[in-house]
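Nothing in this text is a laboratory measurement; each read-out follows from the coordinates by a stated rule. In this text the structure is predicted, and so the values were computed from the model without any measurement. No Cβ is skipped: glycine too gets one built from the backbone with ideal geometry, and neighbour counts run over all protein chains shown.
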Amino acid sequence: MSPTSGRVAIVGGSIAGLTAALSLRDAGVEVDVYERSPQPLSGYGTGIVVQPELVRYLVEHGIDLSSLSVNSTAMAYVDALTGNTFGSIPAEWRFTSYNTIYGALLKLFGLERYHNGKCLVGIDQDADIVRMRFSDGTSSEADWVIAADGSSSVVRKRLLGLEPRYAGYVTWRGLLQTGEVADDVWDYFDGKFTYGLLEDGHLIAYPIPGRDEGEPRRLNFQWYWNVTEGPELDELMTDTRGTRLATSVHNKALNPYSLDQLHTRGEKLFGPFRDLVVNAPSPFVTVVADATVDQMVHGRVILIGDAAVTPRPHAAAGGAKACDDARTLAEVFGHGGDLRTGLQRWESRQLQQGHAYVQKVQEMGARLQHGGNFEPGDPAFRFGLPSGVPSAGL
Ligand SMILES: Cc1cc2nc3c(=O)[nH]c(=O)nc-3n(C[C@H](O)[C@H](O)[C@H](O)COP(=O)(O)OP(=O)(O)OC[C@H]3O[C@@H](n4cnc5c(N)ncnc54)[C@H](O)[C@@H]3O)c2cc1C
């Protein structure tokens, strides 16, 4: 089969979906993206640490990294109750936001073949074709479907019956603009990635670019809380309409008791952390969960990104893994060799990487959430994808 003869549909138009779409289009493949959101995603703009794989497509297409991100020179480790510093190491990372990366990718892909308002509800396939059904009653067919529909992937659920497994904790997230915290709090967090360590959880904070180019930078924080599965988690994840949500409760839907709890606990933190938590205008909460698959290629349906392997966020490379899946998959389609053989090699390599990464972040999470031994600069805690995974070897 000629690799470019088929029509490829991508379900999910976020970081992995768009990177796959752009890379496939460059390889001469006809590609459409089906995204459930009725309009281009605005997300919540929270922070992402830049890894080379995350921005590779953008950089290779002439986008200047300094227009997408802000830089840092250190990683600081602080007791989040007392403010005592455990240490600080030099660390040259760049920080960006989900919106910035998504916006840059979407701008390159354009809207012509990016179909908003297409929420996949059903999928089936035979030897020649894949059929997709959407919640608006429409359907579509493609020779190949790439499922990039994220951590709660409907495609993964339909194929494997698999749901993400709760990690035992949630993360509160928030963003602050200049002026929403005092200048000395800004200075405290500026230019670095700060860990705020606790016996029963941890915080992270770092600056990210403004919403649009030229706008002032913002401060981004996350606070990971251990929350037992059952009534306690159910209450936190139940919105003002009484619906138990699976993944995130957005700020406007948070029940007032949950918000009160955040602020009450926040008041006890060391000053700069307290100010972030208490002053953030629209904090929201997301459950932390993992999922792994043992197979990414299912006939003519291929899982990538979080839809294949969903890692917890601690090594800051989930987006990078998603983009790496996408870009290397497009290489297979564009290579011109035997597609099935190429896919087998690709799957084996990406699974090896995904599984090693999930193991790494699970170990990090266990130590970070339970007051475990945490040495500044410990290589086990280094951000990024695991090294030592062989190249795709097409
Ligand atoms: C708290 C947190 C912090 C993180 N920090 C970092 C970081 O610092 N660095 C990093 O690299 N990564 C980070 N990540 C991980 C990163 O955000 C994800 O790995 C990345 O977004 C995965 O991209 P994706 O395209 O696979 O999935 P997603 O970004 O989840 O996108 C899935 C897309 O599919 C769409 N969709 C879902 N269901 C359907 C359907 N049925 N039909 C059609 N469309 C559908 C969704 O609307 C969405 O657009 C973090 C994640 C979390 C939760």
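Scoring 239-250, 267-278 by mean Cβ neighbours within 10 Å over their residues and listing the highest first yields 267-278, 239-250. How far, in nm, would the chain grow between Glu199 and Arg131 when pulled straight, counting 0.36 nm per residue and subtracting the alpha carbon separation? Residue separation times 0.36 nm, minus the Cα-Cα distance, leaves 19.5 nm.
Each Cα pair under 8 Å and six or more residues apart adds its separation to the average, and for region 85-230 the resulting relative contact order is 20 percent. In order along region 177-184, the Karplus-derived 3J(HN,Hα) couplings, from 6.51 cos²θ - 1.76 cosθ + 1.60 at θ = phi - 60°, round to 8, 3, x, 8, 9, 5, 4, 5 Hz, and Gly and Pro are given as x. The order of the peptides 318-331, 93-106 by mean Cβ neighbours within 10 Å, most packed first, is 318-331, 93-106. Normalised by the number of residues in region 164-296, the average gap of Cα pairs under 8 Å and 6 or more apart makes the relative contact order 36 percent. Along region 351-366 the Karplus relation, 6.51 cos²θ - 1.76 cosθ + 1.60 evaluated at θ = phi - 60°, assigns HN-Hα couplings of 5, 4, 5, x, 5, 5, 5, 4, 4, 4, 6, 5, 5, 4, x, 4 Hz to successive residues, with x for each Gly and Pro. The alpha carbon radius of gyration of region 93-220, expressed as a multiple of 2.2 N^0.38 Å, is 1.48. In this simple spin-label model, placing a label point 7 Å from the Cα along the Cα-to-Cβ direction at both Lys268 and Gln362 gives a separation of 3.0 nm.
Per-residue 3J(HN,Hα) values for region 251-260, derived from phi via the Karplus relation 6.51 cos²θ - 1.76 cosθ + 1.60 with θ = phi - 60°, read 3, 5, 9, 5, 6, x, 5, 5, 5, 4 Hz in sequence order (x marks Gly and Pro).
Take every pair of alpha-carbon atoms less than 8 Å apart whose residues are at least six positions apart; their mean separation over the length of region 247-394 yields a relative contact order of 23 percent.
Between Glu141 and Glu60, the contour length at 0.36 nm per residue exceeds the Cα-Cα span by 26.0 nm. Each stretch of four or more DSSP H residues adds -39500 (n - 2.57); spread over every residue of the chain, this sum gives -10000 deg cm²/dmol at 222 nm.
In this simple spin-label approximation, Glu213 and Asn71 carry label points 7 Å from Cα along the Cα→Cβ vector, and these lie 1.9 nm apart.
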